[in-house]
Amino acid sequence: MDMVRIGYACVNTELPTSSRTCRLASATPERVIELGRENLRALADILRWNERHGIAVFRISSGIIPLASHSVVRGIPWAERLADDLGAVGDLIAASGARVSMHPGQYTVLNSPRPEVVSASLFELEYHAHLLDALGTGPEAKIVLHLGGVYGDQAASMERFASNFARLSTSVRSRLVLENDEKSYTASSILDLSARLGVPVVFDVFHHQYNPSLKNLSTRQIIQRCGVTWQPVDGPQKLHYSDPWPGKPAGSHAQTVDLQAFARFYDLIAGLNLDVMLEVKDKQASVMKVMAYLGA
DNA sequence: CCGCGTCAAGTTCAT
DNA sequence: ATGAACTTGACGCGG
């Protein structure tokens with residue numbers, strides 16, 4: 001049993017697309033249900049592929065139910081209509097022991113000063129939890145979120161996050177984990193809020209390089225400090241890893257993993273129990289590359 | 001049928 | 001001002 005498991009996000013580039021969607025203007029109930037069905041079947045294909053290739057960690061795309069949190073789509077009873085396909089995916093997750101998670105997009109900003117942005121974010125987070133609930137997963141199936149904006153006052157913005165967090169359902173609160181970002185909120189800030197809310201911390205190695213903190217600690221020590229925020233019910237500690245894309249603006253993810261750099265990182269986490277999410281453009285190919293390299 | 005402009009939504013930073 | 005970055009390219013109009 002491996003201590004470190006490695007996974008990828010949303011798309012398997014060897015399989016047909018998993019993300020059918022539609023325009024808001026064409027989002028009729030029948031259309032959304034049909035696209036959701038196709039997306040769930042494609043997700044089942046990915047999970048079977050993962051199991052065959054020994055990949056246990058996977059991030060489910062937020063777009064499974066297109067436009068799910070939008071007011072036009074919100075009332076559509078997709079969980080009932082798609083119960084069979086949701087059950088099939090849930091069975092695959094349970095049978096394969098896959099660790100799944102989700103990661104809402106850049107538009108989910110729980111600490112915005114704008115009430116309509118917060119409201120949309122609450123709906124979006126509830127949709128993520130609803131989907132993970134419908135798949136029969138427990139609180140180890142995490143929803144990874146960035147803290148949000150700063151708006152010129154970081155302390156007040158963290159305060160707003162805390163008060164809006166309290167408005168979330170038990171399901172979202174049991175699944176939510178906070179990630180450091182490359183511009184505003186350092187691992188140190190995230191750990192502060194984590195201590196207050198009792199929410200685990202996903203350490204993103206790449207973001208930490210651009211937006212460092214806790215400079216008296218080694219990277220390994222920071223990872224261990226984040227590890228303390230994970231309780232047994234949360235599942236193994238999760239961590240994000242990626243490389244920069246040379247020549248592209250800071251923050252953009254590389255086409256493929258750099259094996260040399262990953263090997264150095266792997267030495268640094270030796271002996272820790274981690275689920276590592278690889279954020280690279282070539283997805284499963286990089287995971288296979290790394291697993292082959294480590295197995296060799 | 002194919003090319004390509006556009007798509008629900010926020011915030012920040014670099015040019 | 002504009003574009004690009006972030007979890008993910010696909011939809012669908014016009015020729």
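Please treat every number below as a calculation from the coordinates, not as lab data. All of these numbers come straight from a predicted model, not from anything done at the bench. As a convention, Cβ positions derive from the backbone with ideal geometry for all residues, glycine included, and neighbour counts pool all protein chains shown.
Is there a quick way to get the dipole size of region A:175-237? I mean about its Cα centre, with the Cβ of Lys and Arg at +1 and of Asp and Glu at -1; what is the value in debye to the nearest 20?
The dipole of region A:175-237 has a size of about 160 debye.
At 222 nm, what helix-only mean residue ellipticity would chain A give, in deg cm²/dmol to the nearest 500, using -39500 (n - 2.57) for each DSSP H run of four or more? Let's see the in-between values first.
Working: 12 runs with 132 residues, N = 296.
Roughly -13500 deg cm²/dmol at 222 nm, from the helical runs in chain A.
Excluding same-chain residues fewer than 8 positions from A:K183, which lysines have a Cα within less than 19 Å of its Cα?
Straight-line reach from A:K183, under 19 Å: A:K215, A:K248.
Projecting each Cα onto the charge dipole of chain A (Lys/Arg +1, Asp/Glu -1 at the beta carbon, about the Cα centre), which of A:Q209, A:A42, A:I190 comes out farthest on the positive side?
Towards the positive end, the residue furthest out is A:Q209.
Taking H as built 1.01 Å from N, whose amide H comes closer than 5 Å to the amide H of A:V109, not counting residues under 5 places away?
Distant-sequence amide H within range of A:V109: A:S121.
Can you list the residues, at least 5 places off or on another chain, whose amide H is less than 5 Å from the amide H of A:S62, using H built in the peptide plane?
Under 5 Å from the amide H of A:S62 lie the amide H atoms of A:H103, each far enough along the sequence or on another chain.
On each of the three principal axes of the Cα atoms of region A:1-109, give max minus min coordinate, whole Å, ordered largest first.
Cα spread of region A:1-109 along its principal axes, largest to smallest: 47, 32, 23 Å.
Determine ³J(HN,Hα), in whole Hz, for all residues of region A:229-240 in sequence, where each value follows from phi through the Karplus function 6.51 cos²θ - 1.76 cosθ + 1.60 and θ = phi - 60°; x replaces Gly and Pro.
Residue by residue, region A:229-240 yields 6, 9, 8, x, 5, 7, x, x, 4, 9, 8, 9 Hz.
Where in chain A are the DSSP H helices whose alpha-carbon span along the long axis reaches 30 Å or more and whose Kyte-Doolittle mean is at least -1.0?
A:29-52
Taking the Cβ of A:A79 as the centre, find all other residues whose Cβ is under 11 Å away and add up their charges (Lys, Arg: +1; Asp, Glu: -1).
Working: positive: A:R81; negative: A:E80, A:D85, A:D133.
After counting each charged neighbour, the total is -2.
From the convex hull of the Cα coordinates of region A:105-230, what is the mean projected area in square nanometres? Let's see the in-between values first.
Numbers: hull surface 30.0 nm².
With the hull built on Cα positions only, its mean projection is 7.5 nm².
Could you pull out every residue, at least 5 positions away or on a different chain, whose amide H is within less than 5 Å of the one on A:D204? Hs are placed 1.01 Å off N in the peptide plane, and Pro or chain starts have none.
A:N180, A:H240
At a temperature of 10 °C and a viscosity of 1.306 mPa s, determine how fast region A:138-296 diffuses translationally according to Stokes-Einstein, using the Kirkwood radius over alpha-carbon pairs as Rh; express D in µm²/s, rounded to the nearest whole number.
Roughly 96 µm²/s, to the nearest whole number.
Based on a Kirkwood Rh over C-alpha pairs, give the Stokes-Einstein translational diffusion coefficient of chain A at 37 °C and viscosity 0.692 mPa s in µm²/s.
Rounded, D is 167 µm²/s.
So, with +1 on the Cβ of K and R and -1 on the Cβ of D and E, and no other charges, what is the size of the charge dipole of chain A about its Cα centre, to the nearest 20 debye?
Approximately 280 debye in magnitude.
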